[in-house]
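See structure below.
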Amino acid sequence: MAQKIKVLIDTFYYQAALSGIRTYTNQLVLGAKNSKNNNIEYLFSHEINQWDKNHKFLNPKSKFSRLRFHLYYFYWKQIRLPFKILKHKPNVLICPDYVAPLWRLKTLKLCVIHDTLFWDYTKNYNAFWRKYYTKLISLGFRGNSSVVTTSNYVKSNLESLFSKQNVSIKVIYQSFLKSKTDDDRILKILNLEESDFLLHVGSFDKRKDLITLVKAFKLLKSDKKNKHLKLVLAGQKILNGNVEVLNELESYIFTNNLSKSVLMTGYLSTEEITSLYKKAFIYVFPSVEEGFGIPVLEAFALKTPVVASNAPAMVEIAQGAAEHYNAGDQVELFKTLTKLIASEPERTCLIEKGSKRLKDFSREKFIKDYEYHILKSVKI
């Protein structure tokens, strides 16, 4: 019997990951566990189920807690994990969290880089931590390593950033988490059972440009036909202790008498989010920069028409199954939403296109693309 290729997936960061990396790791693990490829054996640094309900390090408000996790993370990534590799001797190590051990290992290190935000939006990050992480990412390329990323747009950016390091970059489209259950109680709690509403799902990150969405919503509300329309912003309101975006939104909402129409829910369960997607009139994704855009696929899966900015990655992922507008342009977003609200045939058409586009993002395809890359890269 031919020797199997041994693949170790580093799942440590799952306990602290928000949305994107959390979903990516979840889908990678589930795909690996359900893989029928007889040429590959999967190992996991940790069982991620233990962290699905234990949110000790998930977006902590305390600076001490965040520092504690950073130190714990460094210790794991640069000391414990290399020893684990020496013990189990995997042929491949997959790090879904940007950073691989800096040591030169015989193991092929596949480092997943989801976007180039650290480099492109320097003002959004603490200067020390940004330099620290970008240096760790760069050092992780030492030895036998390559990069996996989530879209051709990000690949193009990475090729410019790492041109001197001569690191290979592979695009593998990820899958997304589709809940099999929902929790309709959230509709009653938010008084949405009889309401039409626009939906956004995601943390209150500055690049999500939620203020443009709220401003476009105010323009919609100036029309009497939209008197009962609401806007739901679901997701973490405070990100790593930063309240800048929340304060800006609250100020604008209060000043423009939108408090009863704009609902900011805070963190919700997957089941609650699923119920919101199912009931939403339109899903709106105003982000000015994304490496992928998981909510676009979630909306496709739950038959919700999508309006998104023209951020390159989202145009690539939607591939004609969403309506786009110029990022940051509240008037164009208002006009795009007005047109879609008035046309049921156009909404139905987008839903049908979204369902077709989903075929390129199944969990099975995700892991098969990984396995094809691994089998092509490793000879034993």
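List of remarks:
- The stretch 251-298: radius of gyration and largest Cα-Cα distance (Dmax), Å: 13.3, 34
- Relative to the longest principal axis of the Cα atoms of the chain, the long axis of helix 344-357 makes an angle of roughly 0 degrees.
- Per the Kirkwood formula applied to alpha carbons, the stretch 176-299 shows a radius of gyration over Rh ratio, Rg over Rh, of 0.94.
- Alpha-carbon Rg with Dmax, taken over the stretch 182-238, Å: 12.6, 33
- Taking the inverse of the mean reciprocal distance over all distinct Cα pairs, the Kirkwood hydrodynamic radius of the stretch 105-258 comes to 19.2 Å.
- Comparing the chain with the 2.2 N^0.38 Å rule of thumb, its C-alpha radius of gyration ratio is 1.02 (two decimals).
- Ratio of the Cα radius of gyration of the stretch 267-323 to 2.2 N^0.38 Å, where N counts its residues: 1.08
- For the peptides 14-22, 289-297, the ranking by packing is 289-297, 14-22, with the highest mean count of neighbouring Cβ atoms within 10 Å listed first.
- With the simple spin-label model, which puts each label point 7 Å out from Cα in the Cβ direction, the residue 303 to residue 163 separation comes to 4.9 nm.
- Label-zone membership for the stretch 251-293, site residue 227, 7 angstrom Cα→C-beta point, backbone N under 19 Å: 257-262
- Column: log10 I(q)/I(0), Debye, Cα scatterers of the stretch 55-188, q = 0.14, 0.15, 0.17, 0.18 Å⁻¹: -0.78, -0.87, -1.05, -1.13
- 13 Å beta-carbon shell around residue 312, net charge (K/R +1, D/E -1): -4
- All aspartates and glutamates inside 16 Å of residue 237 as judged from Cα atoms, apart from same-chain residues fewer than 8 positions distant: 205, 209, 248, 250
- Helix-only [θ]222 nm of the chain, DSSP H runs n ≥ 4, -39500 (n - 2.57) each, per residue, nearest 500: -12500 deg cm²/dmol
- Environment charge at residue 173 (Cβ cut-off 10 Å; Lys +1, Arg +1, Asp -1, Glu -1): -2
- Taking Cα atoms only, the orientation of helix 330-342 departs from the longest principal axis of the chain by about 70 degrees.
- With 5 Å bins from 0: P(r) over the stretch 245-377, alpha-carbon pairs, percent: 2, 9, 15, 18, 21, 16, 8, 5, 3, 2, 1, 0
- Crossing angle, helix 152-161 versus the chain [Cα axis fit, 0-90 degrees, rounded to tens]: 60
A short reminder: the numbers here are calculations on the coordinates, not readings from a lab. For clarity, every value in this text was computed on a predicted model and none was experimentally measured. We place every Cβ from the backbone using ideal geometry, glycine too, and count neighbours over all the protein chains shown.
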